[in-house]
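Comments concern the structure below.
The values are calculated or read from the model by the stated rules, or taken from the named source; none is laboratory data. Predicted model, so just to flag it, every value in this text is computed and none were measured. Methodologically, a virtual Cβ is constructed for each residue, glycine included, from the backbone with ideal geometry; neighbour enumeration extends over all protein chains shown. Note: accessible area is taken over every heavy atom of the protein model, side chains too, but ligands, DNA and RNA are not part of it. Shrake-Rupley method; radii C 1.70, N 1.55, O 1.52, S 1.80 Å.
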Amino acid sequence: KIEAGKMELDSRPFDLRVRIEETLDMLSARAAEKNLDLVYQVDDGIPATLKGDSLRLRQVLVNLLSNAIKFTDRGEVFLQAELLSTQAAGTPDRSALHLHFSVRDTGIGIKPEKLARLFKPFVQADGSTTRKYGGTGLGLAISTNLVALLGGRLWLESETGKGSTFHFTASFGLQQTPARETHARDAQMIHLRDMPVLVVDDNAVSRRILEAMLRRLRLKPLLAENGRDGVNAIQASKVAGAPFPLVLLDGQMPEMDGFSVAAEIKKDPALSGTSVLMLTSTGQRGDAARCRSLGIAAYLMKPVSESELLEAILAVLGESGSPDQPKVITRHSLRENRGKLRILIAEDVKINQVVAARMLEKHGHTVVIAGNGKEALAAMDEPGSVKFDLVLMDLQMPEMDGFETTGIIRAREKSSGAHLPIIAMTAHAMKGDAQRCLAAGMDGYVSKPFQAEKVFAEIDSVLAVEIP
């Protein structure tokens, strides 16, 4: 499509932070396998809702972040979005926004003489037959063209052995956020206003990002860069007669980790009113039991979104309105407390229909099953039917497959302005499948056989549910 000049942008309203969080959630498991911190920051100056092609933006981010994770063995991958100007270069529209994105890693880096060739198709920095990392080299060439369609350019800064930073710019329109959404969020945060909270994290970027999130939630964060400093701050607050009501702990820290800090809090009766929320880049077997034994109120995987952090804090502090909170609040339990969904499953294999339906119905969701794409469209068009919140779409079906069905749904939405979340399902988990599904207009991707945790994590990511 790019080479033929047939690639068109689909401009619609979207929340930039939500799209970034969805993208990071897709890649978080891969980062956790390598024990990498995957973090992001969106400047406060960027409006909540933009207008543009968020699918093409996400394709670029997926490619750059995937590369960063692949070529980084230790440290972090950091995504940042900044506001350059409120008028895109070369446009008369005063409501246009020009943004700068950067993806920085602490990986192997690239030799200076290789940089110029890297954006050409079928070229990699290491072209030897014994190279460690696979790939076709097509991703950066395609991303360069997509960025150009978004009104920007893509470039790279790198130093061998010290990591790389990919930069790109893009232009978007400004979409006014509905007042009711703003008011609902403000009402949630009223109980948190000016409440002190301690953040203990050895990663400077993570500390800065959590600080910004907490300030936007109207809290007053104090930062500690290691476990010992965190304990000292907790003791100082106790001596002053104002113990922290909430402490956010990083699970993995050198010398004194988050669990050790939590143990210090638990053994002091004077700190019984302090709630602990644990954040971790990589979950370990037995963590849940350790959390229960240490009185840790919540345990969340990084990267944590701002909406998820708010939801967890409200639940920890008893402001969520749910009287039956579990002993340890997790991403899964937060999801369980949200509204139930009406889900359409488009799948031709009977056993897969049964497995998926039972999995979803067990969690209280309503399920409708279609045997192929035509039946799925018919179910959506049925007179008097309640609209679906989500579609699980098999890629390979008789009569009409998942790609064609998705294309028809997206074509319809161009006139209606709606957007139905679609998660692809396939038995052939191959490299490039996720990007292929995104390019076809789907919002997420899961492989068969189904694993409940991965399915619900993808649903959670795709819907990016705001707290009602």
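Structure above, values below:
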quantity	calculated
Sequence of ILE351, ILE313 when ordered by accessible area, the most exposed leading, probe 1.4 angstrom	ILE351, ILE313
Pairwise FRET efficiency - LYS327 versus LYS162, Cβ, R0 = 45 Å, nearest 0.05	0.55
Set of aspartates and glutamates with alpha-carbon distance to LYS70 below 18 Å, sequence-local pairs under 8 removed	ASP25, GLU33, ASP37, ASP105, ASP126, GLU157, GLU159, ASP433
Two-site label geometry, VAL355 and ALA148: point separation in nm, points 7 Å out along Cα→Cβ	4.4
Residue-wise HN-Hα coupling along segment 16-24, computed from phi with Karplus coefficients 6.51, -1.76, 1.60 (Hz; x: Gly, Pro)	4, 5, 5, 5, 5, 5, 4, 5, 5
Extension gain, ASN232 back to GLU453 (0.36 nm per residue minus Cα-Cα distance, nm)	75.8 nm
Segment ARG74-ASP43, extension gain: residue separation times 0.36 nm, minus the distance between their alpha carbons	8.6 nm
FRET efficiency for ALA427 and VAL239, using Cβ-Cβ distance with R0 set to 45 Å, rounded to 0.05	0.15
Difference of contour (0.36 nm per residue) and Cα-Cα distance, GLU413 to GLN284	42.2 nm
Amide H contacts of LEU246 (H built 1.01 Å from N, under 5 Å, at least 5 apart or other chain)	LEU198, SER275
Zone residues, segment 100-114, relative to GLU82, backbone N less than 14 Å from point 7 Å out along Cα-to-Cβ	100-104
Residues with amide H under 5 Å from that of THR160, placed H, sequence gap 5 or more	ILE110
In Hz, Karplus ³J(HN,Hα) per residue of segment 140-147 (6.51, -1.76, 1.60; θ = phi - 60°; x = Gly, Pro)	5, 5, 5, 4, 4, 5, 5, 4
Long-range amide H partners of TYR40 with built H, under 5 Å	LEU79
Whole-Hz couplings from phi, Karplus 6.51/-1.76/1.60, listed for segment 53-64; x for Gly and Pro	8, 6, 5, 5, 4, 5, 4, 5, 5, 4, 5, 5
Under 20 Å from LYS267, Cα to Cα: aspartates and glutamates that are on another chain or at least 8 residues apart	ASP229, ASP250, GLU255, ASP257, ASP287
Listed residue pairs exceeding 27 Å between alpha carbons, taken from LYS114/LYS448; LYS220/LYS266; LYS34/LYS266	LYS114/LYS448; LYS34/LYS266
Ranking by accessible area, most exposed first, for LYS51, LYS162 with a 1.4 Å probe	LYS162, LYS51
Area of LYS340 that stays accessible when all protein chains are in place (1.4 Å probe, Å², to 10)	100
Förster-model FRET efficiency, 41 Å R0, ARG218 and GLU399, C-beta, rounded to 0.05	0.15
